[in-house]
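Here's the structure we're looking at; comments come further down.
The values are calculated or read from the model by the stated rules, or taken from the named source; none is laboratory data. Values in this document were obtained by computation on a predicted structure and should not be read as measured data. Ideal geometry is used to build each Cβ from the backbone, glycine not excepted, and the neighbour counts take in all protein chains shown.
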Amino acid sequence: MIRAKEEIRRLMIKKRESMRKEEVLEKSKKIEERFLSSDEFAKSDRIAIYYPIRNEVDTRGIISWLLSKGKEVYLPITREEITLGRIRSFSELRPGKFNIMEPREAIDEEVNLDLIVVPGVAFDESGYRLGFGKGYYDRFLRSFRETAKLGLAYEFQVLEEVPRDEEDIPVDFIITEKRRIDCLKNRKKE
């Protein structure tokens, strides 16, 4: 299983990183439009979202929109584990571990999030995901079992099935440039 995960991860990262900048922006814009018109977004005031790296779906437009509408926006801070920091503007971000832009300071109190937007290298239609292989997000998501989780991905990143472990925490929905996938409904069919 580990070999299968590594092979999928390697192929998906290679494919994603081979995308032209224009293609990333074009597809990301379509995903952003789907996200901003989604029910999950409409019901959410406190949202955790990632900052994009290595040709991930570009979330900067979504973050700007959230901030302009007065939503509470939280981004991950990665040390030994993921914690959250709230931002009110992009100027509050700095390069952190793995050179990913993150808030300067973590929040001290526990925040009751409405939605967590999760990155991934690959997903399946049941919501299981492969990340970069360090397990940061799965450990983080365990504390938010009742919070809605939404993956953003390019259509090519959605596979028939990804290898999964007991520790893996699936997302509830996935939005690509072509569709919205209800992973909760798909898991009920399994």
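Which of the residues spanning the stretch 1-49 are outside any helix (DSSP H, G or I), out of contact with any Phe, Trp or Tyr (no Cβ under 9 Å at 6 or more places or on another chain) and either of a type outside the set (A, V, I, L, M) or at pLDDT 95 or above (or both)?
Hits for the stretch 1-49 are 18, 20, 37, 43, 44, 45.
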Note: among 32, 40, just one is under 18 Å from residue 151 (Cα atoms), out of contact with any helix residue (DSSP H, G or I) (no Cβ under 8 Å at 6 or more places or on another chain) and not basic (Lys, Arg), namely 40
Of the conditions (1) within 16 Å of the chain's Cα centre (by Cα); (2) in contact (Cβ under 8 Å) with a residue 40 or more places away in the chain, the single one that residue 112 does not satisfy is (1)
inquiry  = in contact with a Phe, Trp or Tyr (Cβ under 7 Å, 6 or more places away or on another chain) and either in contact (Cβ under 8 Å) with a residue 60 or more places away in the chain or over 20 Å from residue 162 (Cβ atoms) (or both): is that true of residue 59 in this structure?
reply    = yes
Among the residues in the stretch 63-71, are any aliphatic (A, V, I, L, M), within 19 Å of the chain's Cα centre (by Cα) and surrounded by fewer than 16 Cβ atoms within 10 Å (Cβ to Cβ)? yes
